[in-house]
Every structure is written in C-alpha cells, then in structure tokens.
Amino acid sequence: MIQRKEYLELLDQWKDERVIKVITGIRRSGKSTLLAEYREKIQAEGVSKEQIISINFEDLAYEDLLDYKNLYQYITERIGELRPVYIFLDEVQKVNQFEKVVDSLYIKEGVDVYITGSNAFLLSGELATLLSGRYVEINMLPLSFREYMDAAGDKDPDRTFSDYLGFGGFPFVAMLGKDTNKVHTYLEGIYNTILIKDIEEREMRKSDDPNKRKINDVSLLKNISRFLAGSVGSPISVKKIAGFITSTGRKVSQSTVADYVEALVEPYIFYEVSPINISGKQLLKNVAKYYISDLGIRNLILPKQMYDLGFSLENVIFFELKRRGYEVWVGKLGELEIDFVVKKDGIYEYYQVTANLTEQTTFDREIAPLQKVRDNYPKTILTLDRFSQGNYNGVQVVNVVDWLLGQAI
C-alpha cells in the first residue's frame, strides 16, 4: 500500500467540517485505498468501528444498496443516536439518485460524509445543485514523481524519471517493477474499463437528457482519444478534431466530436486547459490544450513514433502544478505562448517547459515570451539539461527532476 500523505492531510483538514468531502479522479488512482487509510487513521485517533459506515459500491455484497431508498434505510438504521458518525461511500455514482441520500445525510448533525467517484458527471448534475457551497472536491491524481520514486525504491532520480515517463504513475504500476508486459496488460485493462464501463454508466445517468447525444461508438471514441493523446501540449479545437476524423474517411459533425471529447474528459482521462490573455487575464475561447492523466496510458495508445519527450514533460508539469494547488492556464501574449500561467493565493507565476536548452535557438525561443511579460511575478523555465541552470535577467532556469522532487534552488 502506497500512502498518499498529501491527500490524507487534505482529508484531515476537512474532518468534522460541515461540508461533504468529494474525492474524484481516474479509476485506480487510489481513491478507495485513500479512504481505507483514512479510516485507519481516525480509528487510531479514537474513533470506534461503530462510528464508521463504509460501503464500496463495486463490491457485489452491496448490490441491494444500489437503490437509493435501500441505501438510505441501511445507513440510517446503523446511525441511530450514535454521534459523531463517519460515512464513506465509494464509487457512489453507481447508485441512481444518490444525491438524495447524500443531501439527507448532510443535514443530520454529527454526520461526516465522504464520497468518491470516477466521473466528473458526479458533480455536474443534481448533486451540485443540491449541495452548492456545501461540498469540497479533492481531485486525486496518479502518483507524483516524488511518490513514484518513493514507491519504486530507486535512488537514482534521472533513471527513475525515465521509468516514470514510460510507465506512468498509477500506484499499482509502481509496484510491478519494470515488467513491461504486466504494466501494458494492467494499463490496457484500466483504459478499456473507462471507455466501456465508466462511459456506459455516464450514459445511463444522462439517459433522461434529450439534449445529449449517445456515446455508443467505441471506435470513434478511441480515435478521438488517440488524437487528443497525440496532441498533448498543442492548442486544438473541436473543428480541428472533426477535420482530422473526416480526413481518415469518416465524416463526423463538430457537435458529435464535442460530446465525445466531453465523454473523455468526464472520467478524468483528459484534462482541458483554457488559454488566457496575459495582458488582460481574459480567457480565450474556441481552442484549448488537453493533457492526459497518465503517460503510461498515452504510451499504450500511441504508436511509438508519435512519442515526444518535450510534450511528455509538459504533461508531467501540468499535473504537478495542479497537485501543488495552482489554477492553471495556457498563456497567450500576442503571437507568443507561455506553456503555463498559474495562480495561487492571488500570486501569478509563469512556466516554460522544454527538454533541452543547450541550443541557442531553443534558448532564445523559450525565454522570449517570459521576457516580454511586464510584471514582477516569478518566471521559470523547466528543462532536463543541467548545463543552462541559472538566473537570466529574472528568468530562472531549473532542472525539472530537481523541481519535481522539491530540490530546486
């Protein structure tokens, strides 16, 4: 078991607060394990087993509780007069109309509710309406590089980072060693489960919405998924995706593509990042960048010749920035682009990402947009090479591995 200390600390911060804790994230990122660890933690701190109600809806033993009325009765009978009570509902989106149960539990005194789900649709429907302002979302990602290195037990950061780029950060993958066949089989199972099982559940929940197109063409879904994976780090539009699919011999409308992209974003395979005008900090429309939640899956679904180190690095940095609590955008400054504009606690920062800065033309290209930003917020270039590190008129060049491990100067 790989302990996810940062997420445990987040749960601890919200313990006994009058908000529902919603843990979201891609399948097998460790949500169920996190809840198990947290239950152990609060028991060690004095909470009795009788004060804990835990249900994993992927366990067939709880099949009868997929009916929301049965679920509510089951929980309330066990709560009785006992307070405080801690309720853990794992993969709760499997319960039709689970929102009613969660809302009813929320209004009870001394009841602390924790739920997990593998689809963003969990928070886009009635739950969000019912509980507006009464829940906190904790988006759980696969392992950071620092977590991966601890789990892998390799003391060589550069060698381990190479493995991380190839295998990705799913917790179980880190425990498989470097058995490529096992890793490939495991990742293929996750990917296919998301495309079929999770999206099927999504369709069932959206079946009453006449405005939503059915996602029933797995071949088209995989083609769009491959396109997004191959376009990591590049600004794309729905129009561009539709054009690509049409060029392969299949005509598809932009509205269909938009629905299928949404179906890939909702189960946290891809994350969409909007561009922002740096001068006025306004969001720009019609184009976006997409980053894939796990590079192991990217390497699984893309032909090897499409693999690009620079964009893979950019993918890693995007998710590390999210882990560190930043709001993240793509920066636009006229015709120039900055990979990431981020904000936390009202402070902006700017990041460029490149594999190597030793070529003068690359150095000039990467530093130029940062030098044109007329403010005093931190500006950083992250790179794999260790030869160009230093401060260049306010622009800090840092080794990416050191930065990921928190060892950058």
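Numbers at a glance
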| read-out | value |
| --- | --- |
| Accessible surface, the stretch 296-409, averaged per residue in Å² (probe 1.4 Å) | 47 Å² |
| The stretch 47-149 - accessible surface per residue (Å², probe 1.4 Å) | 43 Å² |
| Candidate lysines - alpha carbon under 17 Å from LYS197, same-chain residues fewer than 8 apart omitted | LYS94, LYS206, LYS214, LYS222 |
| Whole-angstrom gap from the stretch 223-252 to the stretch 378-406, using each part's C-alpha centre | 33 Å |
| Backbone HN-Hα couplings from phi across the stretch 289-296 [Karplus 6.51/-1.76/1.60, Hz, Gly and Pro as x] | 10, 10, 10, 8, 5, 8, 5, x |
| Percent of Cα-Cα distances greater than 24 Å, calculated over the stretch 37-194 | 49 percent |
| Whichever lysines have a C-alpha closer than 26 Å to that of LYS343, once near sequence neighbours (fewer than 8 apart) are set aside | LYS5, LYS21, LYS281, LYS285, LYS289, LYS322, LYS332, LYS372, LYS379 |
| Helical contribution to [θ] at 222 nm, DSSP H n ≥ 4, -39,500 (n - 2.57), averaged over the chain, rounded to 500 | -12000 deg cm²/dmol |
| Volume per residue that the Cα convex hull of the stretch 128-283 spans, once the total is divided by residue count, Å³ | 189 Å³ |
| Cα-based Kirkwood hydrodynamic radius, the stretch 1-95, one decimal, Å | 14.4 Å |
| Projected label distance in nm at LYS304 and ASP375, using a 7 Å step from Cα toward the beta-carbon | 4.4 nm |
| Per DSSP, loop GluC sites (Glu not before Pro) in the stretch 70-139 with at most 14 further Cβ within 10 Å | GLU81, GLU109 |
| Where only alpha carbons of the stretch 214-366 are counted, the Rg and the Dmax (Å) | 16.2, 50 |
| Within straight-line cross-link reach of LYS41, aspartates and glutamates at Cα separation under 12 Å, skipping those fewer than 8 residues along the same chain | GLU9, ASP12 |
| Filtered GluC sites (Glu not before Pro), the stretch 305-392: DSSP coil and at most 15 other beta carbons within 10 Å | GLU335, GLU359 |
| THR193 accessible area, 1.4 Å probe, all protein chains in place, Å² to nearest 10 | 50 Å² |
| Relative contact order (%) - the chain, alpha-carbon pairs under 8 angstrom, separation at least six | 13 percent |
| Amide H contacts under 5 Å for ILE20, placed H, 5+ residues apart | TYR135, VAL136 |
| Trypsin sites (Lys or Arg not before Pro) within the stretch 297-339: DSSP coil, no more than 15 neighbouring Cβ in 10 Å | ARG324 |
| For the stretch 239-325, radius of gyration divided by Kirkwood radius, i.e. Rg to Rh on alpha-carbons | 0.99 |
| Dimensions (Å) - the stretch 327-382, Cα atoms, principal axes, largest first | 36, 22, 18 |
| Rounded percent of accessible protein surface that carbon and sulfur make up, the chain, 1.4 Å probe | 48 percent |
| Binned Cα-Cα distances of the chain, short to long, each 10 Å bin given as a whole percent | 4, 20, 29, 26, 15, 4, 1, 0 |
| Residue-span extension gain [MET175 to THR361] - 0.36 nm each, minus C-alpha spacing | 62.9 nm |
| Net charge of Cβ neighbours under 15 Å - reference VAL397; Lys, Arg +1; Asp, Glu -1 | -4 |
| For the stretch 62-100 versus the stretch 297-349, the gap between their alpha-carbon centres in whole angstrom | 39 Å |
| Sites ASP67 and SER247 - FRET efficiency at Förster radius 51 Å, r taken between beta-carbons, to 0.05 | 0.60 |
| Debye log10 I(q)/I(0) for the stretch 292-368, one point scatterer per Cα, at q = 0.15, 0.24 Å⁻¹ | -0.63, -1.16 |
| Cut-off 13 Å between beta-carbons: net charge of the residues surrounding THR246, Lys and Arg +1, Asp and Glu -1 | +4 |
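The values are calculated or read from the model by the stated rules, or taken from the named source; none is laboratory data. Computed from a prediction, not measured in an experiment: that's the story for all the values here. Positions of Cβ are backbone-derived with ideal geometry, glycine not excepted, and every protein chain shown enters the neighbour counts. Surface accessibility is based on the protein's heavy atoms, side chains included, excluding ligands, DNA and RNA. Shrake-Rupley method; radii C 1.70, N 1.55, O 1.52, S 1.80 Å.
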